1. Modelling each spin label as a point 7 Å along the Cα-to-Cβ direction, I'd like the A:ALA110/B:SER802 distance in nm, to one decimal.
2. Hey, if we sort B:VAL647, B:VAL157 by accessible area with the 1.4 Å probe, largest down, what's the order?
3. Using Cα centres only, tell me the gap between region A:1-39 and region B:257-317 in whole Å.
4. So what's the net charge close to B:GLN5: Lys and Arg +1, Asp and Glu -1, counting the other residues with Cβ under 13 Å from its Cβ?
5. Under a no-solvent Debye model with one identical scatterer per Cα of region B:442-536, what's log10 I(q)/I(0) at q = 0.19, 0.23 Å⁻¹?
6. Measure out, as a whole number of angstrom, how far apart the alpha-carbon centroids of region B:361-439 and region B:199-226 sit.
7. Quick one: putting +1 on the C-beta of Lys and Arg, -1 on the C-beta of Asp and Glu, what dipole do you get for the protein assembly as shown around its Cα centre, in Debye to the nearest 20?
8. So which trypsin sites (Lys or Arg not before Pro) in region B:304-386 are both in a DSSP loop and have at most 15 other Cβ atoms within 10 Å of their Cβ?
Amino acid sequence: MNDRKILIVEDDLDLNLGYEVFLKVHHTVFFAVDVQSAVSEAIRVQPDLIILDLGLPGEDGYVALERFQENPSLSTVPVIVVSGRDPATHKNRALKAGAKAFIQKPWNSAALLSTIDQYIGSVDCT
Amino acid sequence: MAKAQRSRSAVRELRHRSARLAEAEDTLKAIRSGHVDTIVVDGPSGSRIFALQSPDDPYRILIERMNEGAATLTSDGTILFCNRRLAEMVGEAAERIVGSCFKSILDEKEWQGFTVSTRQALKNDVRNSAQLLRKDGTTLPVQLSFSRLANQRGRQVICVIATDLGEQKRAELKLREQAALLDLAPDAIVVRDMQSRILFWNRGAETIYGWSGEEALGKDSAELLKTEFFESAEAVRAQLLRQGHWEDDAIQCKRDGTRLVVASRSVLQRDAEGAPVRILTINNDVTDQRQAEARHASLTERLALATEVAKVGVWEWDMTNNALTWDSTMLEIYGLPMNSTVTYDQWAGRVHPDDLQQIEASLRKAIENNGEGNLEFRILRKDGSLRNISAVYRVFFDGRRKVRRAIGVSMDVTERKDAERALEQSRIDELHFKDELLSHVSHELRTPLAAMKQFSTILQDGLAGALNEKQLKYQQLVMKNIEQLQAMINDLLEVTRLENGKLVIKPDSISVSEVVTDAINMVLGSAQAKGVALSSDISPSMPAAYTDPIRLRQILLILIDNALRFTPSGGEIKIRARLSEPDAKFVLLEVSDTGCGIPPKDVNRIFERLYQVKPARSSRMGLGLGLFICEGLVVRQGGQIWVESKVNEGTTFSFTLPVFSVSTLIAPLLVNDKWPAKTVSLVEVQVWPREARPSHQAREYWSDEARIGIQKCLTSHLDMFLLQARGQGEKQRFFVAAFADEGGVSTLTERIREQFRLPPLLKGTDCSIFQTTLKQVPPESSVSAKDAVANMAAQMEMAIKSQTLSETTNHE
């Protein structure tokens, strides 16, 4: 599935390198380090899946989620939130805001892969 | 010649004799004219003095002037001479008295005594009292002194001196009377001379000081009584001399040595010339009084100081005329100037209007509560500031048990209240901060941990090149440690939630065996790797438990993990579950191992936060929070957790959780033995996602959201959420008991449907609602509350079971 594009929205550079090494095997990976570039990059790239961190510099991930939902070309892209925040509060909030799944850092690599596989390419027809 | 010589000497002699004659003549002349009254003649036996004046003259003046009556008598009593005073005493002219017998001026009774006296007087002086007979017939008591005068021309002459006893007696009587009065007085009355020698010492002084009159008289009073003044003795004396009186307290000593405080008043007596003669002192023993006064003063002072320092105002409210009496601190509290008077209405005008009605209520409570009352209210000071006042008071009743008066103390507690509020706020802030801190910390720790985990995976997966055996082994070690760190951070967060009360527990009717199986499956791998057998033993008649399945699994995982840590290879871990006895309201779960056991000293402390027992073989312990978290989770759901262990044999952790019971859930709705409505319905809401294959997370998410949505529609005293059950496929079924009539139930169902239409909440789901009306227990029946609940619960459980069975027919 080499033509699947994944947009990673994450400000930690080490993690981003890790994502790249880990995911480039099967997917094409793009990066954005804040909300603004996340939206513009998403519009430009039209990814098949977005991995979104909540703790971004400036505006946080929820703003990005909102923007994705607002934009007709992006609203159908599945978003997996990967965050260090407490899932007790944020899992449902993220899902309510339109994300498909919430994964807490540090994640189990196998679980991440399977979640990606589950959603990548799945189009939400709401 | 001889003749001439002889005539010359004769002339000389003549002249000499003439001179002498002239001298003699002059002397005679002088004697006759009274210029000479005494002649001193030198005789053979020495000088002799001859008085020449009439023996009467100067002496006559003396005799006439003296205060006593005097007379001279013959031995048979005839008066030869009588002085003016005697005549006065008798009340007759002296000439008349002279020549008569002395008896004539004596009372008849005295005559015999008189005769005796005159006879005796010839030998020695006699003195006796007698009664003179006056001209007007009255008698005058006198003292008569008889003495013999020198023999005059052969006659015996007796001199009589009469002293008017009348005055003396009167004076004596008066004195005695006064002395008697002075003795009656309980005060010590002391008279002393200017040298402080005691002249008079009354009975009171004897009693007070313990010295008798005999012992005291003549002594120096200051020495005897060891008098100490509050100023110098000189100053006291000076004032006494200057002003004639002095008054103050003094300290003296009794005979037995005890000290006493006297209130002393002294008066100075002066003679006719104004010279100080005597000091009269009256002393009062005020020792006890002064002590009491001192105590009282000290107490009052302490109280005043205390109330002033503590800024406690003391007030009195006379309800009969609504008058207020305030001390200075009260005025201070209310911001009024010193010496203001305040009326009740003025005060009430300053009280916050909302708090005024409390006064009435407070008084009423005070009357019931033994007269003690308290009140907190707000006042508006003249300067516009709002202050909180706390008052504690006591009411007093009149004879008819009506409240007449109140006395109390008030304090401005504004600062304290502000401080309390600030403290509460800072506690909230601190908790909030701690919460934020921990979330922030745990959040921040996770990113580097994620990076570490990520790259360790990358290396292990060979994505950065193949690893040799050792490299792989070491990477696996790294990963193991990363996972431990992860577990520790999770535990820490969990404990914080426990402390903050933010722990989320979502109890439900669950199958214990399902959760146990789930937990075992998660740990089986590591157990097998360690060579420890892991099995379960669930009683087949286990009822559903009322608990959060995720939390139950969490507890089991912690306990199994602990067991694994302390059980060596070849050992066994078993999980048992059954209905608890004798209290069938709980399920009992046990996690037993055949491990090394816990030493007795650690057993009691093992549930403490951070408490760790060092395992035999060195293995990482984690943060030691696991059991603390388990205890929190169990206790919060109404259960208990404990441990039994034998060293080298094994350990069993046991805990209880409530059994799912419809009765327990609906019992609170039965109020005063009555259900809230005549009819009750079982409402079932079936929810399923529109998405074909929702992820586990998605399923969990909308299941949670559906439940929240339904619960929002319930009315607490009419409806009760019963349980959530998994239906066919992805379906979730929610059961609610609704006590309402037909209209009420349809309102409820409509509200629920509305929830599922609301975006974005349950956008991806559909729902159908079913309703079953149940039989109501008639209120007239004499069923006990417990039975009523049991019956209703049984009906509901039946209905739920039948609904579940008839599910397929109800599919929309």
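1. 4.8 nm
2. These residues rank, largest area first, as B:VAL647, B:VAL157.
3. Region A:1-39 and region B:257-317 have Cα centres separated by 98 Å.
4. Local charge sum for B:GLN5: +3.
5. At q = 0.19, 0.23 Å⁻¹ the computed log10 ratios are -1.09, -1.13.
6. 63 Å
7. Details: 116 positive and 125 negative charges, 914 e Å.
Its charge dipole is roughly 4400 debye.
8. Loop-located and lightly packed - B:LYS311, B:ARG381, B:LYS382.
The values are calculated or read from the model by the stated rules, or taken from the named source; none is laboratory data. Everything quoted here is computed from the prediction, not taken from an experiment. Every residue, glycine as well, gets a Cβ built from its backbone with ideal geometry; the counts of neighbours run over all protein chains shown. For accessibility, only protein heavy atoms count, side chains too; no ligands or nucleic acids. Shrake-Rupley method; radii C 1.70, N 1.55, O 1.52, S 1.80 Å.
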